[in-house]
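**Q** One structure is given below, represented as structure tokens, and several questions about it will come after.
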Amino acid sequence: MELGLAGRRALVTGAGKGIGRSTVQALCAAGVRVVAVSRTQADLDSLVGECPGVEPVCVDLADWEATERALSSVGPVDLLVNNAAVALLQPFLEITKEACDRSFDVNLRAVIQVSQIVARSMIARGVPGAIVNVSSQSSQRALTNHSVYSSTKGALDMLTKVMALELGPHKIRVNAVNPTVVMTPMGKAYWSDPHKAKVILDRIPLGRFAEVENVVDAILFLLSDRSGMTTGSALPVEGGFLAT
């Protein structure tokens, strides 16, 4: 399926690793000019080496003022992928203030701020746009030690709906993707223990975790005009986990 993304300009957060990095690579392959945002300069350097033409921006999105400075001059953006996130997993009775603050700053507040910057520019230019927020299956199902992370993703799902409601009149679509465990290098390392993995796999009808391309394909579809009548949705990419 031809998605017709060539010639557009996208901004991707959390672009240094995992889903974000693969999304940048896929967008570049589709002819999209990409602004890649990461807090790790080395990751951006290697990404630019792989995808010449990528515009790197190094900033910690938990820092509101630094983010404002870093993104104030990125120029016109047609597509936005809010992928940056942290997963600080703690038992409920051991949750720290630091974990709460960091998680909500990156997983929710930064999405609001970056989306504001991009959407205001779209509206000022009078152009349509598409935003995809990377959420999680844990926004809708309880998982041990995920109190804070799941709370941020549940809030992100609702933020997606309200953004879609308010930005729709400006022809800006906003959707979320909600993956299960994804086999990024970090995902493989964390879920390599078969006993730990079995807890989740036993609840997935397809019996496997997601590959990165499964999530990237969903993101690109939601960015494209092929999903032109879809907004405010949370698209599961979880092998049926949420159906059980």
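The values are calculated or read from the model by the stated rules, or taken from the named source; none is laboratory data. Being a predicted model, the structure only gives us computed values, none of them experimental. For neighbour counting, all protein chains shown are included, and Cβ atoms are generated from backbone atoms with ideal geometry for every residue, glycine included.
**Q** From SER73, SER46, which residue is within 30 Å of GLY126 (Cβ to Cβ), free of Cβ contacts under 8 Å to residues at least 24 places away in the same chain and of a type outside the set (Lys, Arg)?
**A** Answer to the selection: SER73.
**Q** Can you give me the number of residues within the range 20-44 that are of a type in the set (A, V, I, L, M, F, W, C) and surrounded by fewer than 24 Cβ atoms within 10 Å (Cβ to Cβ)?
**A** 8
**Q** Quick one: would you say ASN175 is in contact with a Leu (Cβ under 6 Å, 6 or more places away or on another chain) and assigned to a loop (DSSP other than H, G, I, E, B)?
**A** Considered against the rule, which asks whether it is in contact with a Leu (Cβ under 6 Å, 6 or more places away or on another chain) and assigned to a loop (DSSP other than H, G, I, E, B), ASN175 comes out as no.
**Q** Answer yes or no: is there a residue in the range 213-229 that is farther than 26 Å from VAL32 by Cβ, modelled with pLDDT of 95 or more and out of contact with any strand residue (DSSP E or B) (no Cβ under 6 Å at 6 or more places or on another chain).
**A** No.
**Q** Mind telling me which of the residues PRO52, PRO91, PRO56, PRO76 ends up being surrounded by fewer than 22 Cβ atoms within 10 Å (Cβ to Cβ) and closer than 30 Å to MET229 by Cα?
**A** PRO76
**Q** Quick check on the range 12-34: of everything there that is among the basic types (Lys, Arg) and not in a loop (DSSP other than H, G, I, E, B), which residue is nearest to MET183 (Cα to Cα)?
**A** My answer is ARG21.
**Q** Sticking with this one: Would you check which residues across the range 234-244 are in contact (Cβ under 8 Å) with a residue 60 or more places away in the chain and surrounded by 18 or more Cβ atoms within 10 Å (Cβ to Cβ) and list them?
**A** Across the range 234-244, the qualifying residues are ALA234, LEU235, PRO236, VAL237, GLU238, PHE241.
**Q** Name the single residue that is nearest to CYS100 (Cα to Cα) among those in the range 44-73 being under 20 Å from the mean Cα position of the chain (by Cα) and part of a loop (DSSP other than H, G, I, E, B).
**A** Selected residue: ALA62.
**Q** Mind checking which residues of the range 144-172 are surrounded by 24 or more Cβ atoms within 10 Å (Cβ to Cβ), under 18 Å from ASP78 (Cα atoms) and in contact with a helix residue (DSSP H, G or I) (Cβ under 8 Å, 6 or more places away or on another chain)?
**A** Listed by number, the list holds a single entry, MET163.
**Q** Within the bounds of the range 204-226, is there any residue that is in a loop (DSSP other than H, G, I, E, B), of a type in the set (Val, Ile, Thr) and surrounded by 15 or more Cβ atoms within 10 Å (Cβ to Cβ)?
**A** Yes, that holds for at least one residue.
**Q** What's the total number of residues in the range 156-171 that are farther than 22 Å from VAL216 by Cα, assigned to a helix (DSSP H, G or I) and touching a residue at least 40 places away in the same chain (Cβ under 8 Å)?
**A** 4
**Q** Could you check the range 113-143 and list, in sequence order, the residues that are in a loop (DSSP other than H, G, I, E, B), surrounded by fewer than 23 Cβ atoms within 10 Å (Cβ to Cβ) and not β-branched (Val, Ile, Thr)?
**A** Matches in the range 113-143: GLY126, PRO128, GLN140, ARG141, ALA142, LEU143.
**Q** A further question on this structure: Given the conditions (1) closer than 19 Å to GLY14 by Cα; (2) within 19 Å of the chain's Cα centre (by Cα), which single one is not true for PHE209?
**A** (1)
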